[in-house]
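Visitor: Right, I'll just put the structure down here and ask away after.
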Amino acid sequence: PNPAVALQRLNAFLLQEREAGQNGQSETAQGDMVVPFVAMTLAVMNVQTGTLVCAQAGADPLLVARKSGTVEELAAFGPLVGAVEEVEYTTAQTHIKPGDLVLLTTDGLTEARKTRRDFWGIEGVADALENARTLPDLEQV
């Protein structure tokens with residue numbers, strides 16, 4: 001399965017629903033139709049080979065914390081699903097080995113404030129994950 005193709009099909013479906021006026025959403029006070037759109041990461045992993053393939057639509061990168069202690073970003077950026085016509089999503093791929101950890105985030109995490117003025121951001125989450133990898137409880141997960 002190709003997650004980029006799945007996102008393209010979902011995008012086409014949402015746009016078709018909007019055009020047909022069958023999206024089940026109500027109209028705004030101005031009479032405009034409410035258009036659904038989605039930020040998401042779609043990842044597929046072959047558990048036999050450890051191959052992980054992902055595609056993203058308006059979402060933060062997927063993080064892979066390696067058993068060795070490093071943290072990598074796996075990013076295949078694309079626009080929100082349902083927001084743009086004729087879009088092509090791309091994929092990113094990596095190999096997951098025993099002891100690696102995969103973390104999917106939301107903007108609720110990356111846009112959380114770590115100080116009064118600063119957000120965590122994907123870099124802050126990656127740093128926290130890298131530091132947490134040495135905790136004994138995380139090794140058992």
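The values are calculated or read from the model by the stated rules, or taken from the named source; none is laboratory data. Here the structure is a predicted model, which means the values were calculated and not measured. Backbone-built Cβ (ideal geometry, glycine too); neighbour counts: all protein chains shown.
Visitor: Please determine, by comparing only the residues of segment 1-37 that are of a type in the set (A, V, I, L, M) and farther than 28 Å from residue 76 by Cα, which one is modelled with the highest pLDDT.
Guide: Among those residues, the one meeting the criterion is 20.
Visitor: State whether the residues of segment 74-92 include one that is of a type in the set (S, T, N, Q) and over 18 Å from residue 1 (Cα atoms).
Guide: Our first condition is that a residue be of a type in the set (S, T, N, Q); within segment 74-92, this holds for 90-91.
Restricting the remaining residues to those that are over 18 Å from residue 1 (Cα atoms) gives none.
Checked segment 74-92: no residue is of a type in the set (S, T, N, Q) and over 18 Å from residue 1 (Cα atoms).
Visitor: Being among the hydrophobic types (A, V, I, L, M, F, W, C) and touching a strand residue (DSSP E or B) at 6+ places or on another chain (Cβ under 7 Å) is the filter here, so list the residues in segment 65-97 that pass it. If you could, list the steps in order and put the result at the bottom.
Guide: Step one: filter segment 65-97 for residues among the hydrophobic types (A, V, I, L, M, F, W, C), giving 65, 71, 74-77, 80-81, 83-84, 87, 92, 96.
Listed by number, the residues that qualify are 65, 71, 74, 75, 76, 77, 80, 81, 92, 96.
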